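**Q** After the structure tokens below, expect a handful of questions from me.
Any read-out appearing in this document is the output of simple, stated calculations on the displayed coordinates, not a laboratory observation. This one's a predicted model, so the numbers in the text were calculated from it and none came from an experiment. Reconstructed Cβ throughout: ideal geometry from the backbone, glycine too, with neighbour counts over all protein chains shown.
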Amino acid sequence: VEVGVPVSVSGPTQQMIGGLFRAVAAVARTFETSEERPRAGGGVSRIVKEPTGVVAAIIPWNGPVGTIAFKLAPALAAGCSVVLKTAPEAPLSPSVFADVIAELVAEGRIPEGVVSVLCADREVSETLVTNPDVDHITFTGSTAAGRRIMSLASERIARVSLELGGKSAAIILDDADINHVLQTLPMGGCMQSGQACIALTRVLVSRKRHDEVIEALKAAYGALPMGNPWEPTNFLGPLASKRQQDRVLGYIDIAKEEGAKVVLGGGRPEGFDKGFFVAQTLLDDVAPDSRIAQEEVFGPVISVITYEDEEDAIAIANNSMYGLSGAVYTEDIDHGFDVARRIRTGTISVNTATMDFTLPFGGYKQSGLGREGGIEGLEEFFETKTVHMPA
């Protein structure tokens, strides 16, 4: 709630945290850290998995508690120590985690010094990234910040895991049932008021079904309740800061200058003079190469892009430097899977906007490196050593 996310969204997220820790624990119990393999020339060698070492986990403001769990749970399970650097825009959630860690240390469940928590600015992040005593940097945040971290880490070839931005596409195929689309797409595009890297902010619809879909989406997005984030009936709240509000409103202005048509919203919502609110905004006539279609806005702004045929839809979906999430809507599930395979993205759903963070999650292209969740997320925190034994 401290970054404007209503309790209807943030509440289930907090409840998910315990499940994430339990899921990592279950994977860790069966994870093999040593095995023997035969050598080509005879004899055997031992393949050993060892913790990466000291981990600097750098957390964003838009999902502080969940992101902490994604990184802290597998790092501890692997045997790493962690320096957790949180964002100053969201200081309260990490402080709760710090209190829990302090209690676990006091109870003897975690050795003192294994987890350190600090809330600081970008300068401290760069200090951690360049510190030779830090073996592994895991970062969630913008692609621009990820590039900076990767550049600094490259000077000493430090291990880096990155979960970065997205501009995810939802393809509505011609056979899609619009009622199935409306069950998940509006919430998938406007979750956390659009302040989510996985938000489905590009909606691709054929020229044949364009008018029908636009009217349905306009009604559905417009019906999403907005207001006080402490009120459980609201799905949309204010943005995290004035700077974020100005950024989103600026992108809407740019979209209009580039020829996009505002179907819904397009500015501050009426009746919200206080708070950093931006109305849920639906844009039509968006060109695939325009800035609003290519750049991450991080607000409740949805761009509708018209495609000619299925091949064109796939090309438009892949026309992005990002590749984090996505969706395909169709009544032919097997065909939906085939289309999903052709989209260069780390996570994609068929007829839903589901995310299960106990399974591998991460991006293609400039959406990141590595995976969080599942056995793949645990493997991120291990180095592999080969020990050749006498024949």
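**Q** Relative to the longest principal axis of the C-alpha atoms of the chain, give the angle of the C-alpha long axis of helix 64-78, reported between 0 and 90° and rounded to the nearest 10°.
**A** The two axes meet at around 30 degrees.
**Q** Rg/Rh for the range 199-239 to two decimals, with Rh computed the Kirkwood way over all alpha-carbon pairs. Don't skip to the answer; put the middle values down first.
**A** On the way: Rg = 13.6 Å, Rh = 12.1 Å.
Rounded to two decimals, Rg over Rh is 1.12.
**Q** Mind checking which of 311, 295, 89 has the largest fluctuation in a GNM of the chain, springs on alpha carbons under 10 Å?
**A** The residue that fluctuates most here is 311.
**Q** Residue 226's amide H: which non-local residues (gap 5+, or another chain) put their own amide H closer than 5 Å, with H modeled 1.01 Å from N in plane and none for Pro or chain starts?
**A** When sequence neighbours closer than 5 places are left aside, the close amide H contacts are 235, 236.
**Q** Whole number please: convex hull volume per residue of the Cα set in the chain, in Å³? Walk me through the numbers on the way to the answer.
**A** On the way: hull volume 62.9 nm³, N = 391.
Once divided by residue count, the hull of the chain is 161 Å³.
**Q** Something else about it: Nearest 0.05, what FRET efficiency do residue 342 and residue 142 give at R0 = 35 Å with Cβ-Cβ as r?
**A** Values: r = 27 Å, r/R0 = 0.77.
Step by step, r from the Cβ atoms, then E = 0.80.
**Q** While we're here: Past the 29 angstrom mark, what percentage of all C-alpha to C-alpha distances in the range 168-350 do you count?
**A** On the way: 2610 of 16653 pairs.
Across the range 168-350, Cα pairs with separations above 29 Å total 16 percent.
**Q** Place a label point 7 angstrom from the Cα of residue 179 along the Cα-to-Cβ direction, then list the residues of the range 336-376 whose backbone nitrogen is under 19 Å away.
**A** 351-353
**Q** Restricting to Cα pairs below 8 Å that are 6+ residues apart, what does the relative contact order work out to for the range 168-350? Please round to a whole percent. Walk me through the numbers on the way to the answer.
**A** On the way: 351 pairs, mean separation 52.1, N = 183.
RCO, the range 168-350: 28 percent.
**Q** For the range 1-63, go through all pairs of different Cα atoms, get the mean of 1/r, take its inverse, and jot down that Kirkwood value in Å. Each step should come with its number before you reach the end.
**A** On the way: mean 1/r = 0.0622 Å⁻¹.
Hydrodynamic radius (Kirkwood, Cα pairs) of the range 1-63 is 16.1 Å.
**Q** Run the simple label-point estimate for residue 155 and residue 21 please: 7 Å along Cα→C-beta, distance reported in nm.
**A** In this crude spin-label approximation the distance works out to 3.7 nm.
**Q** Which value in nm describes the separation of the simple spin-label points at residue 39 and residue 352, placed 7 Å from the Cα toward the beta carbon?
**A** The modelled label-to-label distance comes out at 4.9 nm.
**Q** Using Cα springs under 10 Å in a Gaussian network model of the chain, which residue among 125, 367, 154 shows the largest mean-square fluctuation?
**A** Of the options given, 154 has the highest mean-square fluctuation.
**Q** Checking the table 208/365; 49/167; 167/261 against a 24 Å threshold on Cα-Cα, which pairs fail? Let's see the in-between values first.
**A** Details: 208/365 31 Å; 49/167 35 Å; 167/261 19 Å.
Going by Cα-Cα distance, 208/365; 49/167 fall outside the 24 Å limit.
**Q** What is the angle, in °, between the Cα long axis of helix 7-29 and the longest principal axis of the Cα atoms in the chain? Nearest 10 is fine, range 0 to 90.
**A** Roughly 30 degrees between the two axes.
**Q** Based solely on its DSSP helices, what 222 nm [θ] is calculated for the chain when runs of n ≥ 4 H residues each add -39,500 (n - 2.57) and the sum is averaged over all residues, nearest 500 deg cm²/dmol?
**A** Numbers: 12 runs with 144 residues, N = 391.
Rounded to the nearest 500, the figure is -11500 deg cm²/dmol.
**Q** Another one. For the Cα atoms of the chain, what angle does the longest principal axis make with the long axis of helix 92-106, in degrees from 0 to 90, nearest 10?
**A** So the inclination is approximately 20 degrees.
**Q** Among 83, 44, 203, what is the fewest-to-most ranking by other Cβ atoms within 10 Å? Mind dumping the intermediate values first?
**A** On the way: 83 19, 44 14, 203 29.
Sorted ascending by nearby Cβ count, the order is 44, 83, 203.
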